[in-house]
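Colleague: Quick one: this structure, given as structure tokens, is what I'll be asking you about.
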Amino acid sequence: MALHLIVDGYNLLVQASRLAGRVSLQSEMARESLLRDLALYRQRKSHAITVVFDGWQQGWGTEQREHRLGLEIIFSRRGEKADQVIQRLAAEFGSACAVVSSDREIIDSAKAQGAFVMKAQEFAGKLHERPSATGVSAHKELDTGEDLRPKRGPDKRGNPRKLPKSLRQRSSQLKRF
């Protein structure tokens, strides 16, 4: 099932630039490169994608929307931050969307609306992940030796090797991306 993906553009641009080692974040070339990467991701996953960029300091008097490369691109109007646009879109789509941002205010608002939330760093890794020929993800988590499961007391029941339900659900949701 395809989701509507709402992306905090500059937030993801910072994370993608860190991964790729780029320096200039607000240049037109950096934005275009991010949009091309998102378009390739859309072709792989078939998610509708809306990218929201800040225009609150230097933007137009009205919200600017354009469709390019199969993406909907929104520049917020002057005086309105991208965060407000993302929160409005998350409220509109509710649980039928996923929000990509590392901004705590956006995360809290989107979760309250029932949207699935991914941090920008987490999504940046998925964005540049290339599928292998066998269809199995090329990304493999390394065992750090740390046990992610909570420590169990002697009075606990159940399988101690099983991850908590919330982590299992999040893992299954992440597989859609």
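Colleague: Return yes or no: is residue 30 surrounded by 14 or more Cβ atoms within 10 Å (Cβ to Cβ) and at pLDDT 90 or above?
Modeller: Considered against the rule, which asks whether it is surrounded by 14 or more Cβ atoms within 10 Å (Cβ to Cβ) and at pLDDT 90 or above, residue 30 comes out as no.
Colleague: Of the conditions (1) touching a helix residue (DSSP H, G or I) at 6+ places or on another chain (Cβ under 6 Å); (2) within 16 Å of residue 14 (Cα to Cα); (3) without any contact (Cβ under 8 Å) to a residue 24 or more places away in the chain, residue 124 fails just one. Which one is it?
Modeller: Just one mismatch for residue 124, condition (3).
Colleague: Let me ask you something else. Return a yes/no flag: does segment 144-162 have any residue that is among the charged types (D, E, K, R), part of a helix (DSSP H, G or I), modelled with pLDDT of 75 or more and at negative phi.
Modeller: Scanning segment 144-162 turns up no residue that is among the charged types (D, E, K, R), part of a helix (DSSP H, G or I), modelled with pLDDT of 75 or more and at negative phi.
Colleague: Which of the residues that make up segment 72-93 are of a type in the set (D, E, K, R), over 21 Å from residue 41 (Cβ atoms) and within 16 Å of the chain's Cα centre (by Cα)?
Modeller: Passing the criteria: only 83.
Colleague: So, of the residues in segment 64-117 that are surrounded by fewer than 16 Cβ atoms within 10 Å (Cβ to Cβ) and of a type in the set (S, T, N, Q), which turns out to be modelled with the highest pLDDT?
Modeller: So the residue we want is 95.
The values are calculated or read from the model by the stated rules, or taken from the named source; none is laboratory data. As the structure is a computational prediction, the values presented were derived from the model and not from experiment. When we count neighbours, we look across all protein chains shown, and the Cβ atoms used for this are built from the backbone with ideal geometry, even at glycine.
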